[in-house]
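Data first, discussion second: the structure below is written as structure tokens.
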Ligand code: AHM
Ligand code: MG
């Protein structure tokens, strides 16, 4: 007997909580459509020099767009007119994105990084889209900055798309984490990873240790602990670092582990963005049984003060992330995390 085939549409309609039906389901389906369009384009990125496909001149002599700008526009155009959203935020745009006046405003807010890790395109490494969904704070006043500057704890859904050796969409609407793999012949995302849970024991730590000398003592000693250099307390991990957040995160979702991007002297606030990178991934991680921290407390509790705010990030298996908090609390005091 073969198992039933679930397209993302069928799964969304049949397996979600009540609030996730209707508009919310349609919004997720919009995101899946945008992901398919972006996937087609990213798959052809290697043909740049042969076909003049991107970053070159097209046949009309116009300059082709960079892929991250293209991805940003795809998401905007797929989502701006549907009446489901009252605002958007994108890493690619300085300000909050209002819904154009000619369209209805809905009750949801979409925050996203349209193509994270895009510097990796040239070397054919997996890249990704990260997204989070909030409900507006006040229906009558929907579309204000207050709707956007919400802590991750208020997310009603989040996910990522990994454009890797295959394209995967992984999301949660607060009832577990579910992964779908794009079948390019059918053009459909098919359920391939239902109820993803972080496996124990964890397998990997991921951190860019080229910045070791710029970290606080607590973070430096945490790395030594991860490496098994602290006598009598060896977490028995191996190391992997791709330098592409979605790909690093996805590997740890499948194999267990921790990903860290601490603050360092040249980036005292960290590198990654709270609203559309850290918070959505923290939401997914908690849904999969893990935890995310800025080194001092839960990422999900931080209320953003501005849309592009950065944050240190420790995310993965709970025991490994809590160990980071322990090192930072006991060794750093008020210093960098
Ligand atoms: P980007 O938003 O400019 O693409 O940068 C984000 C990327 C993440 O995907 C990745 O985790 C991180 O930058 C890697 O940074 P580094 O090269 O400093 O290790
Ligand atoms: Mg990014």
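The values are calculated or read from the model by the stated rules, or taken from the named source; none is laboratory data. What you see is a predicted model, and the numbers here were worked out from it, not measured in a lab. Using ideal geometry, Cβ is built from the backbone for each residue, glycine included, and neighbour counts are taken over all protein chains shown.
Structure data summary
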item	result
Flag for residue 128 being within 16 Å of ligand 1 (Cβ to nearest atom), within 14 Å of residue 287 (Cβ to Cβ) and at pLDDT 95 or above	no
Single residue of 294, 301, 332 found to be crowded, with 18+ Cβ neighbours inside 10 Å and under 24 Å from residue 146 (Cβ atoms)	294
Looking only at segment 104-124, and only at residues there that are at negative phi and exposed (fewer than 15 other Cβ atoms within 10 Å of the Cβ), the one that is farthest from ligand 1 (Cβ to nearest atom)	104
Pairs with Cβ under 7 Å, 6+ apart, first in segment 114-128 and outside the structural domain of residue 97 (by TED's automatic domain parsing), second modelled with pLDDT of 85 or more and within 8 Å of ligand 1 (Cβ to nearest atom)	none
Test: residue in segment 91-106 that is over 18 Å from residue 171 (Cα atoms), more than 16 Å from ligand 2 (Cβ to nearest atom) and not in a loop (DSSP other than H, G, I, E, B)	yes
Any chance residue 264 is surrounded by fewer than 23 Cβ atoms within 10 Å (Cβ to Cβ), closer than 18 Å to residue 328 by Cα and within 15 Å of ligand 2 (Cβ to nearest atom)	no
Filter result for residue 226 (crowded, with 23+ Cβ neighbours inside 10 Å, within 16 Å of ligand 2 (Cβ to nearest atom) and modelled with pLDDT of 95 or more)	no
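Quick grid of which residues meet (1) in the same structural domain as residue 213 (by TED's automatic domain parsing); (2) over 27 Å from residue 109 (Cβ atoms); (3) more than 13 Å from the chain's Cα centre (by Cα):
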{"site": "245", "(1), (2), (3)": "yes, no, no"}
{"site": "254", "(1), (2), (3)": "yes, yes, yes"}
{"site": "262", "(1), (2), (3)": "yes, yes, yes"}
{"site": "265", "(1), (2), (3)": "yes, yes, yes"}
{"site": "271", "(1), (2), (3)": "yes, no, yes"}
{"site": "278", "(1), (2), (3)": "yes, no, no"}
{"site": "282", "(1), (2), (3)": "yes, no, no"}
